[in-house]
Amino acid sequence: MNEPGDVVAAFIAAIEAKDLDTAIGLVTDDVSYENVPIAPIVGKGAMRATLEGFLAPAGRVEWPVARQVVSGNVVINERLDRFQIGTGWLELPIAGFFEVTDDGLIRVWRDYFDMSTYTRQFAALTGPT
C-alpha cells in the first residue's frame, strides 16, 4: 500500500476508528503535523499526544472526504471532520495536505481550518471551561 491516496485513506480510516497505533504506524518518525493556524507538531510521540487530546472527548469520529486530488506524492483533500461529543456533533470543514514518502509513510500532514469554528462548537458541546 504505497500509493499516496491509499496511504491517506488508510490513515483517515484509522483516525475514524480511533486506532492511533495504526495511524501512527503510517507516518515517518519525524512527521510534521500542522494544524494551521497552530504551530507545527513534529515527531510521532508529539503527534500521538495531540491526536489523543482531539479524539478523547469524541464518542465517534467521522471524516468524510468530499474531494481528493493526488499529484505525485502529494494528496490534497477536502473533508468534514466530525466528532460526536455527548449527543451533539462538532463539524469542522478542513482542507488537508499530505506528503507521502516513496515507501508509503506520511511525512507532512497539514490541515487548514477556522479555529473559531472549532472553539465555538467545542464550547457549545462541552460547556464553559
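Nothing in this text is a laboratory measurement; each read-out follows from the coordinates by a stated rule. Computed from a prediction, not measured in an experiment: that's the story for all the values here. Every residue, glycine as well, gets a Cβ built from its backbone with ideal geometry; the counts of neighbours run over all protein chains shown.
Here are the numbers for the structure shown:
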item	result
Overall dimensions of the stretch 31-79 by Cα: Rg and Dmax, Å	13.0, 36
3J(HN,Hα) from dihedral phi, the stretch 92-108, Karplus parametrisation 6.51/-1.76/1.60, rounded to Hz, x for glycine, proline	10, x, 10, 10, x, 10, 10, 10, 10, 6, 4, 8, x, 10, 7, 9, 9
Ranking of Tyr33, Tyr118, Tyr112 by count of other Cβ atoms within 10 Å, fewest first	Tyr112, Tyr118, Tyr33
Kirkwood Rh in Å, taken over all unlike Cα pairs in the chain	14.9
Whole-angstrom gap from the stretch 31-57 to the stretch 77-96, using each part's C-alpha centre	16
Percent RCO, i.e. relative contact order, over the stretch 4-126, from Cα pairs under 8 Å lying at least 6 residues apart	26
